[in-house]
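> Let me begin by handing over the structure; questions about it come next.
Each reported figure results from applying straightforward, stated rules to the coordinates on display, with no laboratory input. Note that this is a predicted model, so its numbers are computed, not measured. Note that each Cβ is placed from the backbone with ideal geometry, even for glycine, and that neighbours are counted across all protein chains shown.
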């Protein structure tokens, strides 16, 4: 089981990632150290030409979406455990390289059904594989199955299986579809604006300003960062690009009455590629990797070398 990182270690990992991708992102050589518990905020500090610089971090994440998304993730994890575990010793398709499963919402698999559901899945997959070349419902490399005659437990627990054509590749060919359906891409803009507004409100209080002064902070920077959590547990931002989201965030910040609280503000998004899924879907290695940085304040600028998916 993967070790859960502490809050401090997660923030350090974000800053390390940023500096690896955009060295000297602040336009000067700064040496950041984590502020000890009890002395923060801000999260990091560094000597600067005009005195001590503080750096505050805030995640680009709609927290109210996390709980429902994690419950759906738990459901997909159960499907994967029941169907994909020990897949090497089951039927191996020859005409498709991936089967992406959409579970029925809010339907957990009863323990007494697990074994039979697994048998039905592999029997159905074998039938789809053998009839691949003559299947009139297949479109190009893809076939989406939404009805499961003769397989009652598949019909009970699965709403659809999307098969992707291709030769055997040696990797697990069973996976789960992510969240889908209608969504509002403007939520991603609102989430950025809420992150900016929240930090401006926090640092505009007399108590917080006195705290900074007492610790000798001469300048204050803000970094809003996105990553796997936003990708996995928030609604997608497409068709809005990172550039469009950042520009709207920059305009919001420029109009904010407390905008002078932070000397500089950045928006950083970082996401690694899932190359096993890329291979299943026919995408090249590295597809979907993001390292993208924009300055929102005092002027808008997308950094050279930014690489959105």
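> Using alpha carbon centroids, what distance separates the stretch 154-229 and the stretch 1-61, in Å?
Comparing the Cα centres of the stretch 154-229 and the stretch 1-61, I get a distance of 18 Å.
> Residue 289 to residue 254: FRET efficiency via 1/(1 + (r/R0)^6), r the Cβ-Cβ distance, R0 30 Å, to the nearest 0.05?
Details: r = 31 Å, r/R0 = 1.02.
FRET efficiency, residue 289 to residue 254: 0.45.
> Given the stretch 72-176, what whole percent of its Cα pairs are spread farther than 16 Å? Intermediate values should be presented prior to the final figure.
On the way: 2966 of 5460 pairs.
Everything past 16 Å amounts to 54 percent.
> Rank these for me by crowding, 122, 268, going from fewest to most other beta carbons within 10 Å. Numbers along the way, then the final one.
On the way: 122 16, 268 27.
Listed from fewest to most nearby Cβ atoms, that is 122, 268.
> Okay, moving on. Output needed for the stretch 1-145: three equivalent-ellipsoid semi-axes, defined as square roots of 5 times the C-alpha gyration tensor eigenvalues, in descending order, whole Å.
Details: eigenvalues 499, 80, 37 Å².
Value: 50, 20, 14 Å, ordered largest first.
> To continue, here is another question. To the nearest 10 degrees, how steeply does helix 7-21 sit against the main Cα axis of the chain, on a 0 to 90 scale?
90 degrees
> What number in nm² do you get for the chain if you take the convex hull of its Cα atoms and divide its surface by four? Can you show the working numbers first?
Working: hull surface 75.0 nm².
So the mean shadow area of the Cα hull is 18.8 nm².
> Now a separate question. If you line up the long axis of helix 186-203 against the longest principal axis of the chain, both from Cα atoms, how many degrees apart are they, to the nearest 10?
Orientation of helix 186-203: about 30 degrees from the principal axis.
> Computed FRET efficiency, Cβ-Cβ of residue 24 and residue 243, R0 30 Å: what is it to the nearest 0.05?
On the way: r = 22 Å, r/R0 = 0.74.
Plugging the Cβ-Cβ distance into 1/(1 + (r/R0)^6) gives 0.85.
> So how much slack lies between residue 16 and residue 177, counting 0.36 nm per residue of separation and subtracting their Cα-Cα distance, in nm?
Values: separation 161, 0.36 × 161 = 57.96 nm, distance 3.16 nm.
Computed gain between residue 16 and residue 177 is 54.8 nm.
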